[in-house]
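Peer 1: Provided herewith is a single structure, encoded as structure tokens, for subsequent inquiry.
The values are calculated or read from the model by the stated rules, or taken from the named source; none is laboratory data. What you are looking at is a predicted structure, and each value in this text was computed from that prediction instead of being measured. Note that each Cβ is placed from the backbone with ideal geometry, even for glycine, and that neighbours are counted across all protein chains shown.
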Amino acid sequence: MSVIKVLELMSSSEKSWEDAAAQAVSEAGRTVKNIRSIYIQDHSAVVRSNKITEYRINAKVSFEVSPNLPVKTKK
């Protein structure tokens, strides 16, 4: 049986919503292993002078938790 945990993240990019999602996965992957999926819950953008300057997402990243294996001790 596997256990899946979910992290809720916010990310942004000056390029696109897709890039913001990629950055969220990349950043989470620095400390979390076994990432399985990303679900984009919401997206928005910052507009300045009638141009989109920042793409933002709220996302949920799911990852599989490694089972706790018994620790071997030296005798």
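Peer 1: Go through (1) over 16 Å from the mean Cα position of the chain (by Cα); (2) at pLDDT below 95 for residue 4 and report which single condition fails.
Peer 2: Checking residue 4 against (1) over 16 Å from the mean Cα position of the chain (by Cα); (2) at pLDDT below 95, the one that fails is (1).
Peer 1: Hey, can you tell me all the residues within region 32-55 that are in a loop (DSSP other than H, G, I, E, B) and charged (D, E, K, R)?
Peer 2: 33
Peer 1: A further question on this structure: State whether one or more residues within region 61-69 are under 27 Å from residue 1 (Cα atoms), loosely packed, with under 15 Cβ neighbours inside 10 Å and hydrophobic (A, V, I, L, M, F, W, C).
Peer 2: yes
Peer 1: Any chance you could count how many residues in region 1-20 are of a type in the set (A, V, I, L, M), surrounded by 11 or more Cβ atoms within 10 Å (Cβ to Cβ) and in contact (Cβ under 8 Å) with a residue 60 or more places away in the chain?
Peer 2: Within region 1-20, residues that are of a type in the set (A, V, I, L, M), surrounded by 11 or more Cβ atoms within 10 Å (Cβ to Cβ) and in contact (Cβ under 8 Å) with a residue 60 or more places away in the chain number 1.
Peer 1: Count, please, the residues in region 21-39 that happen to be more than 21 Å from residue 65 (Cα to Cα) and in contact (Cβ under 8 Å) with a residue 24 or more places away in the chain.
Peer 2: 1
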